[in-house]
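What follows is a short report on a single structure.
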Amino acid sequence: MLLGYTDLLEGECTGNSNYGIQRQRDMSSLRHTSAEVLSYLLQTRNRDFHVIANSQGRRLTEREFLVDLKAKGISVLIDVGAYISEMGNKELAQAWLEADFEAKAAVYFGSDNRAWVHYRNNAKEDVPLLATPFAENLAGCNVYLDEGHTRGVDLRLPKNAYGAVTLALKLTKDHTVQAAMRLRQLRTTQRIAFYGPPEVEQSIRDFCQLSLLGSIDSSHVVPWLLEQTCRSVEDLQGLDFMMKNSQCQKLLNVLKQPERKTLKELYGPVSGRSPASLGNDLAFSQLRSFVDKLTLTSQDQHSRFQAGALEEVEQEREVEVQVEQVREVQQRRKYAALTFPGVHPEIVRFAQTGRLEALQTTQTRKPGFIHAFAFVGGTKIGRRLGRSEEGNNFLRPVEWIMWSPKTETALVIIPEEAEYLIEFLRERVGRSKVHLIAYAAPVTKSMVQFNRLEFYSFPEMARDQVIPDRIKMELGILSGRLYVDKSEWESVKEYVRGPERGAAEDSDKIAPDPAAFLLEWLAIRRRNVDVMQTPMGYICTGRLMEGVIEGLGSSEDESVV
């Protein structure tokens, strides 16, 4: 008899079971593992069981299942029961974010077996988990582990994570426990809930002899899993014993099927020696009744199989032909260009007096200006993160600013308006109340000088004239700036991050949480740039890379050109 030694993973100790061929000798230090891990599942916080069905008893669709997970506050889906079959991993991550509007991102495993992060609304391309701040802290993220990644995966899940483990028929205890133990702190603070389709619920009720009114929890799930495991082991060990016993080779000749057969052997008439004639050659008379049953079963299955063989082949052909791939090209949407109506009277009055005052509006004349943050609030991201004004997502770059030193007011204008105002200001040289300033958002290190508003102005501003830092800061947010110099770092950081408490109470800020808003706003303004690797990305995420401040330069650094 063979004596096998097996190293067991956590939760895989199945006991000393002798099946006649191989005896398993467990290490003394691991004998308690199986019962200990099962005891975690029987704790009060881990006893929930939910049926994946609606009130009428019908199975939930995968999207309805995700909505149910959101309603119960579950952020980790461990699909060891393979309930998700119609969606790919990336598609499910996107659908989960649509169902859970509070999650920051979703983590899933790609075809390359690496963990990837999918952001909301496809604001950025999916990036590997190790390249994001979520690698150290997955708080606020949804995590999906498909069936193939419920073992051998170790993620740093939050200590209070709430996970869902799906069940299926013929699922063993080892697979389930290994999947549940992806939550490494399941014994202390983390918790799970079991989910099963209607057929699993009925199987548990039949095994535990529960009525339809009786509730199911983990105290019923664990015995059911052990029963499922024993049945699978019995099926495998019985066949293994017969294959390794030399006295049963004659019976195995009846059971074994050749790997390759001709069409005549598969679908032609039965010829040759009948399996029933082997009953006289058996060494053990106890096997005779078993051979008789196999003979009757074989004849019955062969007659059925032969009758429908050609029909089955034809059906397979039809299904194979139906597999097609249709490519559809989506044409770019075309918009009609807006005709420039001319400079608004309020803007002309501001150029004349230096005071920005709203005139009386009528049905035919709308206001000539709005606050910069109100304009941002008109976008979808603005409405979602604390701004409720109506507007659209057509964002033009900030190129010209009209500045009034007397009232310290800055007005962003479009190039069509600037073309008119340049001629207007040339006629008023020496008595102009405003200055026209050229501007470009600093998206590279060499463009930081544009934020000082000293590159070009008409009429030229006095050298001792200072524009307030808050004007420059708000202008940089509106235009989507990515770089700051050393002198601005602390003021921008204080505005964006603010104190830990009371930051949301500042009504002058662009949003209750400026850091979260700017990350998404900059991603829209600068779609082709990795915002996380820029100075503004470091400020918004609270990081400070060594040497980043020294490499930015300051307002007195003349080497920046």
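The values are calculated or read from the model by the stated rules, or taken from the named source; none is laboratory data. Note that the structure is a prediction, hence the values are computed from the model and not measured. All Cβ positions, even for glycine, are placed from backbone atoms using ideal geometry, and neighbour counts span all protein chains on display. SASA here: full protein model, heavy atoms, side chains in, ligands and nucleic acids out. Shrake-Rupley method; radii C 1.70, N 1.55, O 1.52, S 1.80 Å.
Taking all protein chains together and rolling a 1.4 Å probe, residue 452 ends up with roughly 50 Å² accessible.
For residue 458, the solvent-accessible surface computed with a 1.4 Å probe is close to 50 Å², ligands and nucleic acids excluded. Between residue 462 and residue 114, the modelled label-to-label distance comes to 5.9 nm, taking each label 7 Å out from Cα in the direction of the beta carbon.
Accessible surface of region 141-222, 1.4 Å probe: 48 percent of it comes from carbon and sulfur atoms.
Amide H to amide H distances under 5 Å link residue 50 with 194, 195, 196, where only residues 5 or more positions off or on other chains count and H is placed in the peptide plane. Using Cα centres only, tell me the gap between region 199-226 and region 112-135 in whole Å. Each part's Cα centre sits 39 Å from the other's.
Summarising the amide proton neighbourhood of residue 164: residues at separation of 5 or more, or on other chains, whose placed amide H is nearer than 5 Å comprise 76, 77, 78, 193. Backbone phi angles across region 45-54, fed through the Karplus curve with coefficients 6.51, -1.76 and 1.60 (θ = phi - 60°), yield HN-Hα couplings of 6, 10, 9, 5, 9, 10, 8, 7, 7, 8 Hz in residue order; Gly and Pro are listed as x. Here, region 399-477 has an Rg and a Dmax of 12.4, 37 Å when only alpha carbons are counted. Values of log10 I(q)/I(0) for region 181-224 across q = 0.17, 0.24, 0.32, 0.33 Å⁻¹ run -0.55, -0.84, -1.19, -1.24, by the Debye formula with one identical scatterer at each alpha carbon and no solvent.
Run the numbers for residue 440 and residue 35: contour at 0.36 nm per residue of separation, minus the present Cα-Cα distance, in nm.
Numbers: separation 405, 0.36 × 405 = 145.80 nm, distance 6.64 nm.
Value of the extension gain: 139.2 nm.
Want the number for residue 217 to residue 169: 0.36 nm per residue separation, take away the alpha-carbon distance, what's left?
Working: separation 48, 0.36 × 48 = 17.28 nm, distance 1.67 nm.
Computed gain between residue 217 and residue 169 is 15.6 nm.
Using the Cβ-Cβ distance between residue 55 and residue 447 with R0 set to 60 Å, the FRET efficiency from 1/(1 + (r/R0)^6) comes to roughly 0.50.
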